[in-house]
Amino acid sequence: MTALSPSMDHGVLADVVPGARVRDVALVLGGAAFVGLASQLSVPLPFTPVPLSLATFAVLLVGAGLGWQRALPSMLLFMGAGMAGVPWFADASSGWAMPSFGYIVGYVAAATLVGHLARSGADRTALRTFALMTLGSLTIYAFGVPWLAASLDVGLGQALMLGVVPFLVGDLIKTAAASALLPAAWSWVDRRHPR
């Protein structure tokens, strides 16, 4: 059994918030808004149409914190509202006809996958969280890079140079931050809500 294999339901951080349905609706809306706000913390890069932003970090935290049952509708709401004109994609953009839209589709898949694995306890230790966040980032790239290549009419190698290589150091920093943050949050929750 690998460190990320789902074996049993350990719950996610959002499960400790009381309120059932009202809580779930608020968390879905809050997750979408959190990713929308994090998307605005972006820096356009002159050599690529993909901006540097905190959106991927937010997406992976939403997945781990909310679990897949809340993260999936949250990211579908984020994507759907942005496609309908809400200017909360990076640089206050919206729509789908942009080279970086594949990454947004990847947000849905990554948050769902990370949420599913977090529910099985993959976010409880720094090492497992690091592996979880790395897998989530790779999932985003798996959707974003092919869309970028098709959108710009470039080969896969060029798309990797434009849409992955410039972001690797930032991804490493975000992954390390999540690897500290999530286990610390669980430690705090476990002290407040002993099982």
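Rule-based calculations on the coordinates, nothing more; no lab input. What you see is a predicted model, and the numbers here were worked out from it, not measured in a lab. Here the Cβ is made from the backbone with ideal geometry for all residues, glycine too, and neighbour counts use every protein chain on show.
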### Query
For the range 1-108, what does the alpha-carbon gyration tensor say about shape, rounded, prolate or oblate, given a ≥ b ≥ c as the root eigenvalues, a/c under 1.5 as rounded, and a/b over b/c as prolate?
prolate
### Query
In what sequence, highest mean first, do 170-178, 41-49 appear when ranked by Cβ atoms within 10 angstrom?
170-178, 41-49
### Query
Which distance in nm do the two modelled labels at H193 and L29 give, with both placed 7 Å along the Cα-to-Cβ direction?
2.1 nm
### Message
If I model a spin label as a point 7 Å beyond the Cα along the Cα-Cβ vector, how far apart are those points for A92 and M161 in nm?
### Response
3.4 nm
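Roughly how compact is the range 48-195, stated as its Cα Rg over 2.2 N^0.38 Å to two decimals?
1.07
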### Query
Taking amide hydrogens as modeled 1.01 Å from N in the peptide plane, which residues meet the under 5 Å criterion relative to S53, leaving out close sequence neighbours?
V43
### Protection proxy ranking of 110-116, 151-157 - average other beta-carbon atoms within 10 Å, highest first
110-116, 151-157
### Query
Gain in length, Q69 to L41, computed as 0.36 nm per residue apart minus the alpha-carbon separation, to one decimal in nm?
7.4 nm
